[in-house]
Amino acid sequence: MIEFANVSRRYANGQFGLQDISFRVPTGRMAFITGHSGAGKSTLLRLIPALDRPTSGKVMVGGYELGRMGRHQYPKLRRQIGVVFQDHHLLTDRCVFDNVALPLQVSGYLPGDVRRRVGAALDKVGLLDRQRAAIEELSGGEQQRVNIARALVNRPRILLADEPTGNLDPELSRDIFDRFFEFHAVGVTVLIASHDIDLLRQYPVPRIALNQGRIQGFEEPDA
Amino acid sequence: MSPSSQTEQPANRGNTSHPLATWRRHHGQCLRGALGRLIRRPLGAWATILVLGIVLSLPALVMTLGHQVERVGELWMADAARMDVYLEPDTTTEDRAELADWLERQPTVDSLRAISPDAGLQTLALRLQIEGLDSMESSPLPWVIELTLRDTRLETRLTLAEGLHQQPAVADFSAGGEWIERLEQIRSFFDEMGWWLMGLLGLTVIFVVGNTLRLELHERRREIALVALIGGTERYMLRPLLYDGALTGLLGGAVAAVLVSTALATVSEPVQRFAASYGAAIEPATDPTLVGLLLTVGLFLGWLSAQLTGRYYIARLSTP
């Protein structure tokens, strides 16, 4: 479960990134966060894995209240969360396999299990035959699929995606969203931030609309 | 990884290995990684190592110089196994017996011989070949106890000298006392200066290694931020850096040892000639303890620098 209670994030310059945000996404559910660029989508997502702290309010994630957590507890929380970014955050000095294996190595998986799980994850995103390829050899869509494989290889309980289809064409965007749905179908809580309202409307998922750091409204799936 | 298999192994459960095995494996990876980075970037890495070597070799050279001074002193002293103890003019037979008894109990004293004022005067007259000197009514010389020492090392002589100073019957003694003390002062000056330099230049090492690692961290900031995002602990992120720092420091210490050995080998011949002119034999050589000290200090300073730099920057890169 992800719960925000009257959460605000104010920056050093006095500007609000988020203002009095309250919502709840139950365990195993999926939700979209919509809004224009600068609406506060990324700021909101960064609070969930404790990459940022709210100025006020309470953020609860999977039973943890983030405000009460010490720094040493962040790794445990973050291993339960998979994150997919628009700009991939891939390590260009490593091959596809090594990028996807990273979360498993960090969690202390045995080398044999790492190979098996990474192979399965890459197979799922259709990149098994490119596992030894350098990141720079891949197209934007392929890089995003590596990003998804890395986010999911550790089998997280929560999946966050920040503009996951920002640079992709509509067909690839739908392909990426289909993969998110596959993981949501087996109980992963999924939260996707995107400004592409036309794409989001194609899916029967509730939407949280943000505008200038405030919740503009909750939208139920179009009938 | 089919969707159905998602429910089999949620995060943090299942096939992780024993924490100790994971820890050992990661240490192995970090060591290999540090060696790999050293090989991949030989110029930058070896430039830092060379600087460390030069910086660490300076105090080591000063300490070696102090050690050599001590050796010169000991070699000169080896020929002077005799010490004369001059007694106060008013000492009684009991005082002399008591002192002789104390001296015989000193482990460094091999044998002793008491020389009366008259006997001393006769010897003096004989040595100076002055007629009539031995016919003086009363000898102006004091009682002297001539000691033959078993151990002529500087430290032992100084201990004996300290003891003699506390004996009320003793007026003075000739053990080369003053110049031994001066030599000891010079030696301790070099020793202290060596440690001061080691401390001062140790700080330099910390900053040099720290700056190199800071640049390394800057290059790897994306990786660190990513590892933090996927649940890497600070220790996990810090470990590769500790290996980088320790390895750099260790190699810096090794370079310093080579530089000191080379310097000693270069001055070996002139020093031997100089010592021979004083009838002594000195062969300057690198002290194995010093080599061990350089390696240990280099490794420790590199590790410490990585701890300080790494913790600071990793905390900034990985936490809000």
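Every number here is computed from the coordinates shown, using simple stated rules; none is lab data. Keep in mind that what you see is a predicted model, and the values were worked out from it rather than measured. Positions of Cβ are backbone-derived with ideal geometry, glycine not excepted, and every protein chain shown enters the neighbour counts.
Placing +1 on the Cβ of every Lys and Arg and -1 on the Cβ of every Asp and Glu, with nothing else charged, gives segment A:1-102 a dipole about its Cα centre of roughly 300 debye. Diffusion coefficient of chain B by Stokes-Einstein, Kirkwood radius over Cα pairs, 4 °C, 1.567 mPa s: 51 µm²/s.
Where the only charges are on Cβ atoms (+1 Lys, Arg; -1 Asp, Glu), what is the dipole of chain B about its Cα centre, to the nearest 20 debye? Spell out each step's value before the answer.
On the way: 27 positive and 35 negative charges, 800 e Å.
Dipole of chain B, to the nearest 20 debye: 3840 debye.
Here the peptides A:2-14, B:244-256 are ranked by packing, the mean other Cβ count within 10 Å, and the order with the highest first is B:244-256, A:2-14. Measure nothing fancy, just the Cα-based angle from helix A:170-185's long axis to the longest principal axis of chain A, in degrees from 0 to 90, nearest 10. Value to nearest ten degrees: 80. Rounded to the nearest 20, the size of the Cβ-charge dipole of the protein assembly as shown about its Cα centre is 4560 debye, with Lys and Arg at +1 and Asp and Glu at -1. Packing, taken as the mean count of other beta carbons within 10 Å per residue, orders the peptides B:118-126, B:197-205, A:113-121, A:99-107 from highest to lowest as A:99-107, A:113-121, B:197-205, B:118-126.
Take the Cβ atoms of residue A:197 and residue A:15, set R0 to 30 Å, and the FRET efficiency comes out at 0.75. Its alpha carbons give the protein assembly as shown an Rg and a Dmax of 39.1, 139 Å. If you take all other residues with their beta carbon under 12 Å from the beta carbon of residue A:213, and give Lys and Arg +1 and Asp and Glu -1, the sum is +3.
What percent do you get for the relative contact order of segment B:81-175 when only Cα pairs under 8 Å and 6+ apart count?
Relative contact order here is 50 percent.
Compute the long axis of helix B:288-318 from its Cα atoms, compare it with the longest principal axis of the Cα atoms of chain B, and write down the angle in degrees, 0 to 90, nearest 10. Orientation of helix B:288-318: about 30 degrees from the principal axis.
Look at the dipole of the protein assembly as shown built from charges on Cβ: of B:61, A:8, A:69, the Cα furthest out on the positive end belongs to A:8. Our summary gives chain B a relative contact order of 27 percent, counting only alpha carbon pairs under 8 angstrom and 6 or more residues apart. Computed from the Cβ-Cβ distance with R0 of 22 Å, the FRET efficiency linking residue B:153 to residue B:189 stands at 0.70. Compared with the direct C-alpha span, the chain from residue B:214 to residue B:171 gains 9.0 nm at full extension, assuming 0.36 nm per residue.
I need the Debye-formula profile for segment A:91-155: one equal scatterer per C-alpha, no solvent, reported as log10 I(q)/I(0) at q = 0.12, 0.13 1/Å, two decimals. The Cα Debye sum returns log10 ratios of -0.23, -0.27.
Shown here is the pair-distance distribution of segment B:204-262: with all Cα-Cα distances grouped in 5 Å bins from zero up to the longest one, the shares run 4, 17, 21, 21, 14, 10, 6, 4, 2, 1 percent. For peptide A:74-82, the mean count of partner chain Cβ atoms within 10 Å of a residue's Cβ comes to 6. Projecting label points 7 angstrom from Cα along Cα→Cβ for residue B:222 and residue B:98 puts them 8.7 nm apart. Measure nothing but the geometry: give the 0 to 90° angle between the long axis through the Cα atoms of A:96-107 and the longest principal axis through the Cα atoms of chain A, rounded to 10°. Rounded to the nearest ten degrees, it is 60. For segment A:93-223, the Kirkwood estimate of hydrodynamic radius, built from reciprocal distances between every pair of different alpha carbons, is 15.9 Å.
For peptide A:141-152, the mean count of partner chain Cβ atoms within 10 Å of a residue's Cβ comes to 1. Each residue, residue B:119 and residue B:258, gets one label point 7 Å from its Cα in the Cβ direction; the gap between the two is 6.3 nm. Between the residues B:313, B:188, B:260, the greatest Cα displacement towards the positive end of the dipole of the protein assembly as shown, with unit charges on the Cβ of Lys, Arg, Asp and Glu, is found for B:313.
Fully extending the segment from residue B:27 to residue B:146 would add 36.3 nm, taking 0.36 nm per residue of separation and subtracting the current Cα-Cα distance. The 3J(HN,Hα) values that the Karplus relation (6.51, -1.76, 1.60; θ = phi - 60°) gives for segment A:17-34 are, in residue order, x, 9, 9, 6, 8, 9, 6, 8, 10, x, 4, x, 9, 10, 8, 9, 10, 10 Hz. Gly and Pro appear as x.
Normalising by the residue count of segment A:91-155, find the relative contact order in percent from Cα pairs under 8 Å and 6+ residues apart.
51 percent
When the Cα atoms of segment A:30-148 are aligned to their principal axes, the ranges along those axes come out at 47, 37, 27 Å in descending order.
For peptide A:100-113, the mean count of partner chain Cβ atoms within 10 Å of a residue's Cβ comes to 6.
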